[in-house]
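Here the structure is laid out as structure tokens; the discussion comes afterwards.
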């Protein structure tokens, strides 16, 4: 199977691209992505880059789109959302949103990924939960309940999570966590971002 993939260096390192059954074509920009129309599948892990020509491609297109649902992006039926946040690509089961036709099913089978089809909503399920945990950790730190290191240690020991909330935030990027929380809080005030998280992201962009 011939698969075109647009990915950052860190995403490429996490991506399971070492198999012998796939002809991987890694590209860096939209023109190179589009220049391989005859590929069996296309994967765009660069969340900030939404290409405008997906409708020209006949094969399945997987996009890393955690915050924005397909309904807000005006993309064709061959586009499927996945969670490309750090740590999630390695999982054996992926949450996906979109139309899973025969070609898409064959693609996920080829990638050795089991899928759980979820509603086309911001954050899927797991990313919502992780973002909420991170947000609560920022609230706790802002209220001087405990330190970041102590919170990370407590969560890993108490819940057997692979990362603590602040380790998750660092890996994912606080700006991405904030963007998801802000999107979710438009319809549910439980997701209002912690002031400390807002301050941290604003400071990084000032």
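The values are calculated or read from the model by the stated rules, or taken from the named source; none is laboratory data. Everything quoted here is computed from the prediction, not taken from an experiment. Positions of Cβ are backbone-derived with ideal geometry, glycine not excepted, and every protein chain shown enters the neighbour counts.
I need the full set of residues from the range 150-181 which are closer than 16 Å to residue 195 by Cα and in contact (Cβ under 8 Å) with a residue 60 or more places away in the chain, in order please.
Passing the criteria: 176, 179, 180.
Residue 115: in contact with a strand residue (DSSP E or B) (Cβ under 8 Å, 6 or more places away or on another chain) and within 26 Å of residue 68 (Cβ to Cβ), yes or no? Even if it seems obvious, please write down each step before you answer.
Values: in contact with a strand residue (DSSP E or B) (Cβ under 8 Å, 6 or more places away or on another chain): yes; within 26 Å of residue 68 (Cβ to Cβ): yes.
Considered against the rule, which asks whether it is in contact with a strand residue (DSSP E or B) (Cβ under 8 Å, 6 or more places away or on another chain) and within 26 Å of residue 68 (Cβ to Cβ), residue 115 comes out as yes.
Could you list, in sequence order, the residues of the range 3-34 that are in a loop (DSSP other than H, G, I, E, B) and at pLDDT 85 or above? Spell out how you get there, then give the answer.
Of the range 3-34, the ones in a loop (DSSP other than H, G, I, E, B) are 7-8, 15-22, 28-29.
Selection gives 7, 8, 21, 22.
Just wondering, is there one or more residues in the range 4-24 that are surrounded by fewer than 20 Cβ atoms within 10 Å (Cβ to Cβ) and in contact with a helix residue (DSSP H, G or I) (Cβ under 6 Å, 6 or more places away or on another chain)?
No - not one qualifying residue is present in the range 4-24.
Within the range 165-196, how many residues are closer than 12 Å to residue 135 by Cα and not in a helix (DSSP H, G or I)?
3
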